[in-house]
Amino acid sequence: MAEVGGKKGIIICIVILFFLTENATTTGQSNRNNHHFVLVHGSCHGAWSWYKVVSLLRSFAQNVTAIDLAASGINPKQVSEVPSISDYHRPLMKFMASLPPLEKVILVGHSFGGLAISQAMEIFPHQVTLSVFVTAMMPGPGLNISTLMQEMLRRQDFQQDNLYTYDNGPNNPVTAFTFGPKFLASKVYQLSPPEDLALATSLIRPLGIYSFEDMSRLLKLSIKKYGSVRRVFVMPDEDNVTPKDIQEWMIKGNPPDERRAMN
């Protein structure tokens, strides 16, 4: 699924978002129907991958911010300059820290972006009205990120023509990962128009690979903070990257407040 899929998938996703936010707490907002959506991209992508969602949300008079995580999209850093998962998430954390004290946002994360919005929920729980995980990684106080990553890698097939970088030599762990064109076409953009595939093929960037131990140490999530934010998991019917059994396993290990299907 290409971030949130083709045009049909995007429209369905936005309808779901509006439906969910109708019941969201909006303390500090003057207009109940006006929300600030913060969109966080998935693996190897950037803010550009949300361009259809941004346009549609703004057409409904919504405030939207699409974030480029470090070494992603037009962020100037290179993947070799992003040594930890916290460094990778830093652009989102800086944005959250810049919000006015009473402003609340709706976080939307896809794929690897689920880790970023999870960290934001832990650090800024008072400024998040709702977090929406669109087939996104969803760790929690009872589902350690190391356990989650190991299970996802065990069940997912990332072979095909994906590219792996070994900056520290072939005998050391992989340092970065990039989707290959065949994988993008068959697994990620199989439901999207060819123009979106062409765009992604030219704009994707390597994703840094971090040790599970460091990720677990840096992404500790608590019931008091992370657990205080309402969570919704959106599960599309046709996702060739993250099979449904993995999503079900993750939901069972860290149940959200709501789950929604996207047909």
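Using a 7 Å offset from Cα along Cα-Cβ at Q150, what residues in region 213-254 end up with backbone N under 14 Å from the label point?
213-217
I need the phi-derived Karplus couplings for region 69-82: 6.51 cos²θ - 1.76 cosθ + 1.60, θ = phi - 60°, integer Hz, Gly and Pro marked x.
Coupling constants for region 69-82: 6, 4, 6, 10, x, 9, 4, x, 5, 9, 4, 5, 9, 10 Hz.
With the cut-off at 30 Å, tell me which of the pairs K77/K187; K187/K225; K94/K187 have Cα atoms farther apart than that.
From K77/K187; K187/K225; K94/K187, over 30 Å: K187/K225; K94/K187.
Tell me the angle of helix 7-21 to the major Cα principal axis of the chain, expressed in degrees between 0 and 90 and rounded to the nearest ten.
40 degrees
So what's the angle, to the nearest 10 degrees on a 0 to 90 scale, between helix 113-123 and the longest Cα principal axis of the chain?
So the inclination is approximately 50 degrees.
Enter the angle in degrees (range 0 to 90, nearest 10) between the Cα long axis of helix 85-98 and the first principal axis of the Cα atoms of the chain, meaning the one along which they spread out most.
20 degrees
Straight-line reach from K104: which aspartates and glutamates have a Cα under 16 Å away, not including same-chain ones fewer than 8 places off?
Partners found: E22, E122.
Using only alpha carbon pairs under 8 Å that are at least six residues apart, calculate the relative contact order of the chain and give it in whole percent.
Over the chain, the number comes to 24 percent.
Please report, to two decimal places, log10 I(q)/I(0) for the chain at q = 0.16 Å⁻¹ as given by the Debye formula with identical point scatterers on the Cα atoms and no solvent.
-1.28
Roughly what would the spin-label model give for L163 and F95, points 7 Å off Cα along C-beta, in nm?
In this crude label model, L163 to F95 measures out at 2.6 nm.
Going Cα to Cα from K182, which lysines come in below 25 Å? Please leave out same-chain ones fewer than 8 positions away.
Straight-distance partners of K182: K7, K8, K52, K244.
Coordinate-derived values only; no laboratory data. It should be emphasised that the depicted structure is a prediction, and the values quoted were computed from it without experimental measurement. Positions of Cβ are backbone-derived with ideal geometry, glycine not excepted, and every protein chain shown enters the neighbour counts.
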